[in-house]
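The values are calculated or read from the model by the stated rules, or taken from the named source; none is laboratory data. Computed from a predicted model, the values in this text were never measured in an experiment. Cβ coordinates were reconstructed from backbone atoms using ideal geometry, including for glycine residues, and neighbour counts include every protein chain displayed.
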Amino acid sequence: MTIRPNSALAVVDLYLARGRLRADLAMQGFTRVSDVFNNAPGEFIGASMRMASPADDTGVVRRELVVRLRDVRLVRPIEEQAAVGELGAHRERLSTRVVIDLDDWQVTGDVHPVDRVPWLDFAMAVRNRFISVSNASVRFVGVAEPLECDYLLVNGARISAVYEVT
């Protein structure tokens with residue numbers, strides 16, 4: 001997902017082992033959420049959360065949030081404004097439907113590699129990156145209904161299996 005160039009924040013849902021956090025993520029000059037995660041300088045990423053507060057006139061106060069990148073399973077950008085794509089950011093890619101197992105979770109969706117590569121090479125290349133998955137369905141252990149979303153990021157460090165579906 002590409003964020004407006006003049007937007008300093010992106011709203012994202014961060015899925016961790018024990019739940020979901022909605023956070024405002026500073027874009028740090030990047031236009032894509034995946035670039036923010038894939039270029040984080042350390043093992044943590046900072047964001048802020050909106051919390052209800054009766055002491056504030058707006059009823060909302062921002063709290064600083066720090067999350068260990070390796071503990072993030074999925075990142076789901078929340079589109080609150082229409083994004084404007086950059087023409088230079090578009091590259092022709094293949095679309096392949098895959099199933100990705102992450103711990104106790106299973107993501108089915110489309111990945112878009114630039115070239116056709118063996119899945120072992122793909123898994124090795126993305127092991128320290130957040131990869132884009134479109135048209136995704138996420139099944140969580142103990143949750144009857146899957147999470148359906150147009151776009152999300154999967155933490156390559158959390159992948160335990162990946163395979164193509166037809």
### Query
Tally time: how many residues in the range 31-41 are in contact (Cβ under 8 Å) with a residue 24 or more places away in the chain and more than 16 Å from Gly156 (Cα to Cα)?
2
### Message
With the requirement that a residue be in a loop (DSSP other than H, G, I, E, B) and modelled with pLDDT under 80, what does the range 41-69 give you?
### Response
Ser53, Pro54, Ala55, Asp56, Asp57, Thr58, Gly59
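Please list, ordered by residue number, the strands (runs of 3 or more DSSP E) wholly in the range 112-166 having 3 or more residues that are surrounded by 15 or more Cβ atoms within 10 Å (Cβ to Cβ).
Filter on the range 112-166 gives 130-139, 147-155.
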